[in-house]
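The values are calculated or read from the model by the stated rules, or taken from the named source; none is laboratory data. Quick caveat: nothing in here was measured; it's all calculated off a predicted structure. Cβ placement follows ideal geometry from the backbone for every residue including glycine, while neighbour counts extend to all protein chains displayed.
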Amino acid sequence: MKLAQWLIAAAVIAVLTALAWGAHRVDAAGYARGQAETQILWNAAQDRVDQATAQALADALVARDKAQRQATDLRLELEDINTRHQEEMTREKNAQDAFIAGVRAGRIRLSVPTRPAAGSGAGACQPALPAAARSTGTAPDEARTELDPATGADLVAITDSGDDAVRDLNLCIDSYNAVQRALTKARQDWETQRQEAP
């Protein structure tokens with residue numbers, strides 16, 4: 001039971017006891033004295049009830065204000081996460097568009113490593129690549145084929161779509177983590193408040 005409930009119960013018991021005690025007074029002077037004492041007890045009990053009610057209301061207002069601040073903080077954090085995401089997406093899109101435009105215009109050339117076709121005989125005469133070249137995928141004398149600009153731009157657009165999807169997923173993860181932190185903090189505050197309540 002909370003403090004306010006205990007105080008209310010104690011006040012009611014005190015009033016009933018006072019009334020019962022006062023009702024058994026038989027003489028007029030005793031009745032008047034009992035009535036005055038009952039009124040004093042009633043007033044004291046009413047004061048305790050008023051104080052407990054005021055404290056409970058104050059506690060509720062503090063809790064409401066704290067919850068509103070936490071909700072506002074979470075909303076602002078989510079807006080900040082979304083703003084940073086939009087800025088990153090815009091920056092990356094501009095970079096992607098500039099790169100693709102460079103590929104289409106021929107200013108940026110894309111190439112891929114190639115091997116001779118099987119049975120052409122050319123592969124048998126090529127020396128084996130050193131281990132360092134095999135691990136990086138390039139070698140100084142490695143055969144490469146340049147992609148035409150349209151194909152290169154299409155391949156870059158595919159990878160850009162994948163990068164955008166990763167950024168969108170990171171937005172979801174960051175938003176989820178922000179909400180989880182806010183809920184964890186609210187739960188901890190609630191448990192602390194519950195433990196501190198008498």
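Points to keep in mind about this one:
- Selection from segment 31-59 of residues that are under 45 Å from the mean Cα position of the chain (by Cα) and hydrophobic (A, V, I, L, M, F, W, C): 49, 52, 54, 56, 57, 58
- Conditions (1) surrounded by 12 or more Cβ atoms within 10 Å (Cβ to Cβ); (2) more than 30 Å from residue 159 (Cα to Cα); (3) modelled with pLDDT of 90 or more; number of the one not met by residue 92: (2)
- When restricted to residues that are touching a residue at least 24 places away in the same chain (Cβ under 8 Å) and basic (Lys, Arg), segment 53-77 contains 1.
- Inter-residue pairs, beta-carbon under 8 Å, first within 14 Å of residue 66 (Cα to Cα) and in segment 183-195, second exposed (fewer than 10 other Cβ atoms within 10 Å of the Cβ) and modelled with pLDDT of 80 or more, 6+ apart: none
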